[in-house]
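See structure below.
The values are calculated or read from the model by the stated rules, or taken from the named source; none is laboratory data. Quick caveat: nothing in here was measured; it's all calculated off a predicted structure. Cβ placement follows ideal geometry from the backbone for every residue including glycine, while neighbour counts extend to all protein chains displayed. In case anyone asks, the SASA skips ligands and DNA or RNA and just uses the protein heavy atoms, side chains included. Shrake-Rupley method; radii C 1.70, N 1.55, O 1.52, S 1.80 Å.
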Amino acid sequence: MNRKSSTELAGSTGLGAWAAFGVLTMVVVGAHGAPLFLDDALLHWSLGHRPAAAVAVARGLTATGTGVVPYALVAVAALVAGRSTRQRLAAVLLGAVCLGAGQAARYGVMELVARARPPLPDWRTHASGWAYPSGHSTTAALTAGLVILAVRVRAPRGRTPICLAVGCWGVLVGLTRVHLGVHWFTDVLGGWLFAAGWLGICVCAAAWWLPARLVTGPTDSNGPAGPASSYSDSSSDSTGASREEHASQDPGRRGRSRPA
């Protein structure tokens, strides 16, 4: 991992997400929790497209966005990302702290905004607390971001399909909250933006403050054959230099065999 580029990318992404989240939050507060943008249209669409099979799938998928599943996914991704025991333990701890602290901060924002959920007769699953930002959407997006980060750090090949699948899971968990009638779409959008901003802060802090031995592997600095390659280079340089000196002393014998 390049610390400078990682810090700059995470910082710029986090700032952009926080700016968008701040604007959306001010709009929600200014409207006193009333539906915004596509909120009513998407809720009415979901009311007309709820066959039993779709509701069952949505309930199963939305259940993966809370509880033990996100923490299990983050722990597995952290174990895969680390190269040593120390790195794996640190990655598991940092991933759990990032996810847990993000959930706590999201809960604080939810209590401050205190936005009401859609009407209760439209619900097709259990929900509790205020609506904005969506807890399932925030947790799933944070989990997906941490897993994608671990995959990109560790997997040299075939990581694009995995990242796309994990990203789609994070998005679908949020959309099920609208389909099941327990959140407005702007609740879900706020959860995604909050997760992006929080993840940017965590990655930026980790890249900036973590000791190098927890960020890079033991072979990252010199490579697997660093000392040997440097010795080979010095040997070839000295050999090449001696050959050049010999050739300059007797240029006429270049290309001829030496007599026995």
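Of the residues making up the stretch 58-73, those that are surrounded by 14 or more Cβ atoms within 10 Å (Cβ to Cβ) and within 20 Å of Gly145 (Cα to Cα) are Leu61, Thr62, Ala63, Thr64, Gly65, Thr66, Val69, Pro70, Tyr71, Leu73. Restricting Val76, Val55, Val23 to residues that are on the phi < 0 side of the Ramachandran plot, open to solvent by less than 80 Å² (accessible area, probe 1.4 Å) and in a helix (DSSP H, G or I) narrows the list to Val55. What are the residues in the stretch 187-203 that are surrounded by fewer than 24 Cβ atoms within 10 Å (Cβ to Cβ) and of a type in the set (Val, Ile, Thr), if any? Of everything in the stretch 187-203, those that are surrounded by fewer than 24 Cβ atoms within 10 Å (Cβ to Cβ) and of a type in the set (Val, Ile, Thr) turn out to be Ile201, Val203. In this structure, is Gly197 part of a helix (DSSP H, G or I), of a type outside the set (Ser, Thr, Tyr) and without any contact (Cβ under 8 Å) to a residue 24 or more places away in the chain? Taking the combined requirement at face value, the residue does not satisfy it. Does the stretch 86-143 hold any residues that are under 14 Å from Ala195 (Cβ atoms), among the polar types (S, T, N, Q) and open to solvent by 20 Å² or more (accessible area, probe 1.4 Å), and which are they? Scanning the stretch 86-143 gives a single hit, Gln103. For the criterion of being open to solvent by less than 10 Å² (accessible area, probe 1.4 Å), hydroxyl-bearing (Ser, Thr, Tyr) and within 23 Å of Ala77 (Cβ to Cβ), Thr160 fails. Taking each residue of the stretch 139-159 that is free of Cβ contacts under 8 Å to residues at least 12 places away in the same chain and looking for partners that are open to solvent by less than 40 Å² (accessible area, probe 1.4 Å) and not aliphatic (A, V, I, L, M) with beta-carbon atoms closer than 7 Å, six or more apart or interchain, yields Arg152/Cys163.
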